[in-house]
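One structure below.
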Amino acid sequence: MPCLRSEVALPRTGLPAIVAAAGRTLRPCVSARWAEAPMPPLHDPRTGYTSDRTWRAIQQFLPADMRLSDGFMPTEEYWDWQGHQIHLDRLTQPDSPVTVILLHGVGTNGRQFTLIAGGPLFRCGLSTVALDLPTYGQTHVRRGAHVTYDDWVQLVCDVITAERTRTGRPVVLYGLSAGGMLAYHAAAIHG
């Protein structure tokens, strides 16, 4: 079954319109292996972005209304996937018509993508989940694991399934640079 397939031409009227249009035409990826397992968060207060100053320094280059603050922060979660602890930044809107999965590029992380895309999408009424792909950000890779691009593709498909199972909503993939290629690959490989 396809992870993601749009059957309409998307308008060029901005990301919220594209997400709204896509949300009406997407079909979720269903994997028998993961369909029965919702994504349970493993909260680990010893790690995360709380003490990481890098993303905070980047905020100075953003307009004030795009910055995260103590009153507006994503919920940090860890998801056990194949022995890796995948870090997630989650911004949840209860009435969101879709869940937007944010996939960062090489040399960055999910928190940085939350800054430039997750926050603005949240303010438009959409729920977002930003992953730290294995070997990036706050994700903890299983000892001795050799992570490949194919692992990233499988991870994204499993996150799609888990998010769809958890919320019952359509999922939209939004990737930046290599994350864009990953979004396309995860969608295309299943449909």
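Where a number appears in this text, it was derived from the coordinates with a stated rule and is not lab data. Note that this is a predicted model, so its numbers are computed, not measured. Glycine also receives a Cβ, built like all others from the backbone with ideal geometry; neighbour counts cover every protein chain displayed.
Overview of values
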| item | result |
| --- | --- |
| Output for the range 161-184, where each listed residue is closer than 21 Å to Arg111 by Cβ, in contact (Cβ under 8 Å) with a residue 60 or more places away in the chain and either buried (at least 20 other Cβ atoms within 10 Å of the Cβ) or aliphatic (A, V, I, L, M) (or both) | Ala162, Glu163, Val171, Val172, Leu173, Tyr174, Gly175, Leu176, Ala178, Gly179, Leu182, Ala183 |
| Verdict on Gly71 being at positive phi, without any contact (Cβ under 8 Å) to a residue 12 or more places away in the chain and surrounded by fewer than 22 Cβ atoms within 10 Å (Cβ to Cβ) | no |
| Meets criteria (of a type in the set (Asp, Glu) and either in contact (Cβ under 8 Å) with a residue 60 or more places away in the chain or at positive phi (or both)) for Asp132 | no |
| Flag for Arg142 being in a helix (DSSP H, G or I), out of contact with any helix residue (DSSP H, G or I) (no Cβ under 9 Å at 6 or more places or on another chain), of a type in the set (D, E, K, R) and in contact (Cβ under 8 Å) with a residue 40 or more places away in the chain | no |
| Candidate set from the range 81-132 (those that are of a type in the set (Lys, Arg) and not in a strand (DSSP E or B)); member that is nearest to His185 (Cα to Cα) | Arg111 |
